[in-house]
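Visitor: Let me give you the structure first, and then I'll get to my questions.
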Amino acid sequence: MKNLLVVLFFAAPAAAWACASCGCGNPVLTSMGTEPPLSGRVRLATSVRAWSETEGQSRLDTATLRELRFDLLASWSPSERWTVLAALPLQLRELTPSTLARERAFGLGDAEVQGRWVFLLDKRMRPRWVLGLAAGLRLPTAPVITDASGSPLTDDAQPGTGGFTALLGLSYSGYFGERFSAHAALQAELPFAGPPSRRAPFGGRLYGAGQYQPTAWLGLRAGVEARAQAASAAMAPGLTLFAAPELLVRLPADLTLLVGARLPFVDTRAGEGAGPMLLASLVVDL
Amino acid sequence: MLVALLWLAGCGEREEAVSVQVVAWATPLAAAPGVVVEHGRLVVTAVALAPCETVGAKLWRALSPVSVAWAHAGHTADPSEGFEGGEVMLTVGGSQRLGVLLPAAGRYCQAVLTLAPSATHPSLHAHGEWPVAGASTPFALETRAERVVRLPISLALDDAHRDGALDLELGAVTMPVDLASATAGDELLDAVAASVRAR
């Protein structure tokens, strides 16, 4: 009997690495947008971001913008090559000028829709690298926020830009065994409509990170994010570099939790300074 | 539906800026016996607040081998923002509201007053009557000279102290003896400027 139990124990099938959240047998923990292609995948995510930025040259004319932003994201992959994604933000913004004439706005931000096309991968099952193209649109869904008297808040305090922004991107994911992976994404933002005073500048974002997964349920990610912006009516051009540490934790029920930060270490924009950003995200595969 | 609800839920609020009420407390001009000052007016074209120097800035200035320029507060942001100029009646006692400053929050250690001509008035004007050879004779003296008065103050503006006050006390000033002198207006302006205190 004892021997039979030993045989049964070793004969029992090992826990499969395949699950919906890691996708197609790939055990790599992924955040929204970095997942390998899988036909029929439906992902839902919420993310919370808190960030701040200061504008102004001196103590006397400095203004601080702080934002707490919730995003509801959903993606669907009708095939292993195509994924569509929608994001709906809810934003709480506070603009504090040096005179303490604070403005606070709460409301819907500018929603985003994106399509991603995987145009190159080395093999269909457990690909080692995946290249994708993304195109999308940021829509002027944010209302103009007013104060109690009906006067619109200043442009910086508004959660939306009031215009459309085209989004174009290129992404790379590499999977090196079950412990290491790498992710990179390049995205260009091209605003093309809306009031000039509120229009966001032409900009680009480059993100690159390496991920180490010591256990099946924990991933450590370290990366760098670069954001560049052209001059606009209200913003100075320049480049900002952030360190991007992140932690991914697999939770029960196919949930993946991501907590991380963006820590600025270079900011070349005249008169503007990015503060640290804290972010958390919960992803579930249905 | 969700989007429509969220769109409708948008709301905003705006707080008032910190402000400083500038009030002058004048003492009527005094004069020698027989002299009647019917009207006296001082023009204040600007009131600016100078921030207190931080400990770090003091240390830097003391230790730095490079000489540090004393930046005029007005070169960075306008600490006299909101003040449109005011006039102090020198023959009326009591408080006279000069205007409101909308400076940045912070600690201020100096108020800088500029006494200068405005678009419509000289820096200082006074008229009345004085005895000349036993007869009461009209006089009018005025000056377009400019004076800058620096006054030590201690004023903190922050979330807990959003409404500040700058009370300018003009002390007792006696009219010049020779009201016919070409420099009488400048003398009176100097005396008034020297009498100003912040309280």
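Read-outs: derived from the displayed coordinates by stated rules, not from any lab. A quick note: this is a predicted structure, and the numbers were derived from the prediction, not measured. Cβ: placed from backbone, ideal geometry, glycine included. Neighbour counts: every protein chain shown.
Visitor: Would you kindly enumerate the cysteines in chain B that have no other Cys beta-carbon under 4.7 Å from their beta-carbon?
Guide: If one checks each Cβ against the other cysteines of chain B, B:C11 turn up with nothing under 4.7 Å.
Visitor: Which residue fluctuates the most in chain A, going by a Gaussian network model with Cα springs under 10 Å, if the choices are A:G238, A:G115, A:G169?
Guide: With Cα springs under 10 Å in chain A, the top fluctuation among A:G238, A:G115, A:G169 is at A:G238.
Visitor: Report, in cubic angstrom per residue, the convex hull volume of the C-alpha atoms of chain A.
Guide: 149 Å³
Visitor: Can you compute the helix-only [θ] at 222 nm over the protein assembly as shown? Use -39500 (n - 2.57) per DSSP H run of at least 4 residues, normalise by all residues, nearest 500 deg cm²/dmol.
Guide: Helix contribution divided over all residues of the protein assembly as shown: -2500 deg cm²/dmol.
Visitor: In debye to the nearest 20, how big a dipole does the stretch A:44-158 give about its Cα centre with +1 on each Lys and Arg Cβ and -1 on each Asp and Glu Cβ?
Guide: Once rounded to the nearest 20, the dipole reads 780 debye.
Visitor: Sorting check: for A:211-221, B:35-45, which peptide has the highest mean count of neighbouring beta carbons within 10 Å, and how do the rest follow?
Guide: B:35-45, A:211-221
Visitor: Excluding A:F192 itself, calculate the net charge of residues whose Cβ lies under 11 Å from the Cβ of A:F192, where each Lys or Arg counts +1 and each Asp or Glu counts -1.
Guide: Charge balance near A:F192 sits at +1.
Visitor: Springs between alpha-carbon pairs under 10 angstrom, Gaussian network model over chain B: which of B:A116, B:A140, B:A182 fluctuates most?
Guide: Among B:A116, B:A140, B:A182, the largest mean-square fluctuation in the Gaussian network model of chain B belongs to B:A182.
Visitor: Please report, in cubic angstrom per residue, the volume enclosed by the convex hull of the alpha-carbon atoms of the protein assembly as shown.
Guide: Looking at the protein assembly as shown, the number lands at 219 Å³ per residue.
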